[in-house]
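Single-structure report; data block below.
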Amino acid sequence: MGKMIENLRWKPRWTSHMGCLKGCLECLGMDISDAWLYGATGHAFIINIHKVVCPSGPTAWNTEMLFKLGGNIGYVVDGVVGFKSKPGFAEKQREAWEMTKRAIDEGVPCYGWELEIPEYHVVYGYDDEGYYFSGPGCESGKGPKPWQELGDTAIGVLEMYTVKLGQPADDVTAVKEALEFAAERSKSPAKWILPKHKSGLAGYDAWIHALKSGTAHAFGMAYNAAVWNECRHFAVEFLEEAKDRLPGELAPRLDEAARHYGIVAENLAKVQELFPFPPRGEEVKDRDRCELALKSLTAAKDAEASGLQALTELLARL
């Protein structure tokens, strides 16, 4: 026995979590731009950097606020989270399995962590053995993955979520709460980040230090540049879309913020060009390449500081 949701697949994005949400929402018939999804969840304004620019940066942080802010967009996320290192892990695996089967039977899209690689994947079906999923490296679909293997990895984290439609908030509330989260998250509060990671301007400092000291991870350089460039690209588009949705008197503030984040995106795009994905390994040993990247990261950090100030001034008017 089993069931498939044929119109459910992952949407290829560098930020796999957002690609899963986009795929789930399209399956549910929600017409939403990438910019509004990235921006209204606050993800467009996040940066999360490990001290050696480990590829864990884009995914290794507390994503709880993304679920709360998703409610402002008009969807509700629920799910099961477990840890291999804690008692009762087998029960968590079964709970996730039973939840997913019920959801798929009802036509409710699901997504989870590390069904293939350490990224998020949409779960579009199941059979007697396990999950069928779509994500990075398996866009068209793959499976079955035995349900008893979910979370049984070196990382040892189990996450499985359902996505359902809800009642969206008004646009002012959606923008205000997203920017409040972005401003708070930029200060590297411990409740949102993990040890050895930094966010906001401190994240840029960690990135710059790792590159200067020669400790930056080659894979991480390429991956982080791609993810955070994608986010800042959608930050600009989100602010431009907000200008069409919010009262006209806010337009100058939105334009100013978009201008600064546009500069951030331009400079992170340069870093992405210098450290293309997949990495070849020798890029971080090329001092000329690293010097160019340092200039772009410094310029991105300066523009980010101005962008955060612009968001603070915008928040005061919302």
Legend entry - Enumeration of residues in region 210-235 that are farther than 14 Å from Leu274 by Cα and under 16 Å from the mean Cα position of the chain (by Cα): Val227, Trp228, Glu230, Cys231, Arg232, His233, Phe234, Ala235
Inset, instruction - At least 1 residues that are touching a Ser or Thr at 6+ places or on another chain (Cβ under 7 Å) and either outside the structural domain of Leu308 (by TED's automatic domain parsing) or in contact (Cβ under 8 Å) with a residue 60 or more places away in the chain (or both) in each: list the helices (runs of 4 or more DSSP H) lying fully within region 22-121 that qualify. - result: 64-73, 89-105
Legend entry - Members of region 81-97 that are exposed (fewer than 12 other Cβ atoms within 10 Å of the Cβ) and either hydrophobic (A, V, I, L, M, F, W, C) or in contact with a helix residue (DSSP H, G or I) (Cβ under 9 Å, 6 or more places away or on another chain) (or both): Lys86
Inset, instruction - Within region 192-208, identify whether any single residue is more than 30 Å from Glu91 (Cβ to Cβ) and free of Cβ contacts under 8 Å to residues at least 40 places away in the same chain, and answer yes or no. - result: yes
Legend entry - Yes/no for Ala169 being free of Cβ contacts under 8 Å to residues at least 40 places away in the same chain, surrounded by fewer than 20 Cβ atoms within 10 Å (Cβ to Cβ) and not β-branched (Val, Ile, Thr): no
Legend entry - Unmet criterion (only one of (1) among the hydrophobic types (A, V, I, L, M, F, W, C); (2) farther than 21 Å from His17 by Cα; (3) in contact with a Phe, Trp or Tyr (Cβ under 8 Å, 6 or more places away or on another chain)) for Val172: (3)
Inset, instruction - Name the single residue, out of those in region 146-164 being without any contact (Cβ under 8 Å) to a residue 40 or more places away in the chain and not in a strand (DSSP E or B), that is nearest to Glu116 (Cα to Cα). - result: Glu149
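Condition check ((1) within 19 Å of Trp10 (Cα to Cα); (2) at pLDDT 95 or above; (3) touching a Gly at 6+ places or on another chain (Cβ under 6 Å)) across all residues:
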site: Glu91; (1), (2), (3): no, yes, no
site: Ala96; (1), (2), (3): no, yes, no
site: Glu114; (1), (2), (3): yes, yes, no
site: Val163; (1), (2), (3): yes, yes, no
site: Pro168; (1), (2), (3): no, yes, yes
Inset, instruction - Determine whether region 272-287 contains at least one residue that is outside any loop (DSSP other than H, G, I, E, B), within 21 Å of the chain's Cα centre (by Cα) and at pLDDT 95 or above. - result: yes
Inset, instruction - Answer yes if at least one residue in region 239-252 is buried (at least 23 other Cβ atoms within 10 Å of the Cβ) and either within 21 Å of the chain's Cα centre (by Cα) or under 28 Å from Phe181 (Cβ atoms) (or both), and no otherwise. - result: yes
Legend entry - Odd one out for Asp31 among (1) at pLDDT below 95; (2) closer than 25 Å to Leu308 by Cα: (2)
Legend entry - Complete set of residues in region 43-59 that are surrounded by fewer than 24 Cβ atoms within 10 Å (Cβ to Cβ) and of a type outside the set (A, V, I, L, M, F, W, C): Lys51, Pro55, Ser56, Thr59
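Restricting to region 128-143, what's the tally of residues that are part of a strand (DSSP E or B), over 12 Å from Glu116 (Cβ atoms) and either free of Cβ contacts under 8 Å to residues at least 60 places away in the same chain or not assigned by TED's automatic domain parsing to the domain that holds Trp97 (or both)?
Residues in region 128-143 being part of a strand (DSSP E or B), over 12 Å from Glu116 (Cβ atoms) and either free of Cβ contacts under 8 Å to residues at least 60 places away in the same chain or not assigned by TED's automatic domain parsing to the domain that holds Trp97 (or both): 1 in total.
The values are calculated or read from the model by the stated rules, or taken from the named source; none is laboratory data. Note that this is a predicted model, so its numbers are computed, not measured. Virtual Cβ from ideal backbone geometry, glycine too; neighbours counted across all protein chains shown.
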